[in-house]
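Step one of this worksheet: look at the structure below.
The values are calculated or read from the model by the stated rules, or taken from the named source; none is laboratory data. A quick note: this is a predicted structure, and the numbers were derived from the prediction, not measured. FYI the Cβ positions are ideal-geometry reconstructions off the backbone, even for glycines, and counts take in every protein chain you see. These accessible areas exclude ligands, DNA and RNA; they are computed on the full protein's heavy atoms, side chains included. Shrake-Rupley method; radii C 1.70, N 1.55, O 1.52, S 1.80 Å.
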Amino acid sequence: MGDITETEQYLNKWSEQKVSYNKRDLLTYAVGIGCDDMNFVYEHDENFAAFPTYPIVLGFKGTDQDVVSFPSEAMTQGPMMPPLKGVKVGLDGERCVEKIADLDVDGGELTMKSRLIGVHKRGSGASVETEALLVDSNGKTIYKITSGAFMVGAKDFKDSGITNSEKVTIPSRAPDSVVEIPTSKTQAHIYRLSGDYNPLHIQQDFAMMSGFKEPILHGLCSYGMTARAVLKQYCDNDPKQFRMIKARFAKPVIPGDTLVVEMWKEGDKVILQTKSKSSGAVCINNAYVMLNPKSKM
């Protein structure tokens, strides 16, 4: 065994970057996750609002309003990461999006403050967890986003920090609600326009080089669609009732498949899992949404 990489020295060192969005960005994201609800896709609707998971794309696009590279410049402006040995590829592992205040539907510029909070051994690699705060011009935090990336093959390092990961147990009863959400063959073509231009999701040769038979849907697109199911089923599509969504990415989804979102409502908490209808495989697990009061039973 070689030298052990110390990771603690990289923790809790805040980085800052500017991010921005406009009304068209909100519309593009909503269409990208398949929304057909007028309050998310029509800017003149009297209840027009940002879909509550929109901020997850800001770390990809930064302040750009044109196509960006992958990785984008914005993606390189986050906190410094430890140089882990043996890493073959990095995969999106988990996301938790907490809405503290509503986004301005007219757009604006925000500051994203990010830090590394933990590095932990997980199976054949490492879980690397970060925390990001979206702050407005008055210094008010409006969103908190925690992310877990799985670094396949990472080895010879020392664990450090905290973990936001948790095991969510599915209730033993049948789901209280099941919502099916179809995806289109071109779903990833639309979703990528919000800032995640990873060729894995559109280019056949790149997908095959990455170990897939064909391009796969963005995990964060499935994530947004899963949130859609909860808002539709329990909130009458009112984003003010959304507080937080937490989920782990388990299996890839192929564009054109149908997502089956199974939900168990326990007070203001909706435990859920999302499956591929064609294969039956669970693609999102260890997941739940926290609602503000007023959601229906």
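Taking every alpha-carbon pair in the chain and binning the separations at 5 Å intervals from zero gives 1, 5, 11, 16, 19, 18, 15, 9, 4, 1, 0, 0, 0 percent.
Excluding ligands, DNA and RNA, what is the solvent-accessible area per residue of the chain at a probe of 1.4 Å, expressed in Å²? Numbers along the way, then the final one.
Numbers: 13850 Å² over 297 residues.
That works out to 47 Å² per residue.
Most tightly packed first, judged by the mean number of other beta-carbon atoms within 10 Å of their residues, the peptides 225-235, 7-17, 202-212 read 225-235, 7-17, 202-212. Look at where the Cα atoms of the range 205-271 and of the range 71-98 average out, and the two centres are 21 Å apart.
Here the calculated FRET efficiency for LEU193 and MET80, from their Cβ-Cβ distance with R0 = 30 Å, stands at 0.50, rounded to the nearest 0.05.
Short-range pairs are left out: with C-alpha atoms under 8 Å and at least six residues apart, the relative contact order of the chain is 20 percent.
Hey, if you put +1 on the Cβ of every Lys and Arg and -1 on every Asp and Glu Cβ in the range 167-210, which of SER210, PRO175, ALA188 ends up farthest toward the positive end of that dipole? Final value for the positive-end residue is PRO175. Overall dimensions of the range 139-248, expressed as equivalent-ellipsoid semi-axes from the Cα gyration tensor (√(5λ), whole Å, largest first), are 27, 24, 17.
Quick check on the chain: helices-only [θ] at 222 nm, where DSSP H runs of length 4 and up contribute -39,500 (n - 2.57) each and the sum goes over total residues. Nearest 500, please.
About -4000 deg cm²/dmol.
Our estimate of slack between ASP156 and ASP102, defined as 0.36 nm per intervening residue step minus the Cα-Cα distance, is 15.2 nm. The range 14-139 has equivalent-ellipsoid semi-axes of 30, 16, 14 Å, by the square roots of 5 times the alpha carbon gyration tensor eigenvalues, sorted largest first.
Residue pairs exceeding 32 angstrom between C-alpha atoms, taken from LYS140/LYS269; LYS85/LYS240; LYS23/LYS140; LYS85/LYS251; LYS85/LYS185; LYS113/LYS213: LYS85/LYS240; LYS85/LYS185; LYS113/LYS213. Projected over every direction and averaged, the convex hull enclosing the alpha-carbon atoms of the range 76-185 yields 11.1 nm². What you get for the chain, charging only the Cβ of Lys and Arg (+1) and of Asp and Glu (-1), is a dipole of about 860 debye around the Cα centre. What the Kirkwood sum gives for the range 120-172 is a hydrodynamic radius of 13.5 Å, with every pair of different alpha carbons counted. In order along the range 103-113, the Karplus-derived 3J(HN,Hα) couplings, from 6.51 cos²θ - 1.76 cosθ + 1.60 at θ = phi - 60°, round to 6, 5, 5, 8, x, x, 10, 10, 10, 9, 9 Hz, and Gly and Pro are given as x.
Charge dipole (Cα centre; +1 on Lys/Arg Cβ, -1 on Asp/Glu Cβ; no other charges) of the range 55-200 amounts to roughly 740 debye.
Each Lys and Arg adds +1 at its Cβ and each Asp and Glu adds -1 at its Cβ; summed about the Cα centre, the range 185-272 shows a dipole of about 160 debye. Taking θ as phi - 60° and the Karplus parameters 6.51, -1.76 and 1.60, the scalar couplings of the range 183-191 work out to 10, 9, 4, 9, 4, 5, 4, 7, 4 Hz in sequence order, x denoting glycine and proline. With both labels modelled 7 Å from their Cα along Cα-to-Cβ, the LYS18 to VAL31 distance reads 2.8 nm.
For the range 140-297, the relative contact order works out to 25 percent when only alpha carbon pairs closer than 8 Å and six or more residues apart are counted. In order along the range 129-145, the phi-based Karplus estimate (6.51 cos²θ - 1.76 cosθ + 1.60, θ = phi - 60°) of 3J(HN,Hα) comes to 10, 10, 10, 10, 10, 9, 10, 7, 5, 8, x, 8, 6, 10, 9, 10, 10 Hz; Gly and Pro are listed as x.
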